[in-house]
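Asks: I am attaching a structure below and will ask some questions about it afterwards.
The values are calculated or read from the model by the stated rules, or taken from the named source; none is laboratory data. Remember, predicted model here, so these are calculated numbers, not experimental data. Methodologically, a virtual Cβ is constructed for each residue, glycine included, from the backbone with ideal geometry; neighbour enumeration extends over all protein chains shown.
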């Protein structure tokens, strides 16, 4: 998931949810409590959605993709707005095909992608406040609650301390110690 949006937010997207221009696209999302937030949308994501809409026009020529009320994502066969259950089913199939289904708890198939998005942001230098904003959490405590440090991050944090530096300097090179 390239945006970190909630499943309910995904199925509520409409054809006018992507705004802006190349290099400055955004995804307009209505989250919990009907709160609006704008999420940066990378050009590659917008390109994929544009390709999807082109294919959709061919499959469902009567769909009015210029209307705000038209859902962005639809069922491939019926053309009806995609449901949360259908997205969960697709996620389950993808996890199974990748051979990692057993690693994801039932009920968290799609949410695991949101969690991964948040962890990836942190791994690449985003602050907890930036992650909070992108995920649409009211409180930073909510963001902290489900973001946990990984072992390699903890090791790097300890190694970065003055004690860690002193220990590296005092460690014998020949393996005696």
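Asks: Residue by residue through the stretch 75-131, note down the ones that are touching a strand residue (DSSP E or B) at 6+ places or on another chain (Cβ under 7 Å) and either touching a residue at least 40 places away in the same chain (Cβ under 8 Å) or surrounded by 15 or more Cβ atoms within 10 Å (Cβ to Cβ) (or both).
Replies: Passing the criteria: 81, 82.
Asks: Pick out the one residue from 19, 3 that is crowded, with 16+ Cβ neighbours inside 10 Å and closer than 23 Å to residue 130 by Cα.
Replies: 3
Asks: With the condition kept exactly as written, say whether any residue in the stretch 89-105 is within 16 Å of the chain's Cα centre (by Cα) and not in a helix (DSSP H, G or I).
Replies: yes
Asks: Of the conditions (1) at pLDDT 85 or above; (2) surrounded by fewer than 10 Cβ atoms within 10 Å (Cβ to Cβ); (3) part of a loop (DSSP other than H, G, I, E, B), residue 138 clears all except one; give me its number.
Replies: (2) is the only condition that residue 138 fails.
Asks: Give the residues of the stretch 142-154 that are surrounded by fewer than 16 Cβ atoms within 10 Å (Cβ to Cβ) and within 18 Å of residue 37 (Cβ to Cβ), sorted by residue number.
Replies: The one that is surrounded by fewer than 16 Cβ atoms within 10 Å (Cβ to Cβ) and within 18 Å of residue 37 (Cβ to Cβ): 142.
Asks: Still on this structure, I have one more. Report, by residue number, each residue of the stretch 51-73 that is without any contact (Cβ under 8 Å) to a residue 12 or more places away in the chain and in contact with a strand residue (DSSP E or B) (Cβ under 9 Å, 6 or more places away or on another chain).
Replies: None - no residue of the stretch 51-73 is without any contact (Cβ under 8 Å) to a residue 12 or more places away in the chain and in contact with a strand residue (DSSP E or B) (Cβ under 9 Å, 6 or more places away or on another chain), so the list stays empty.
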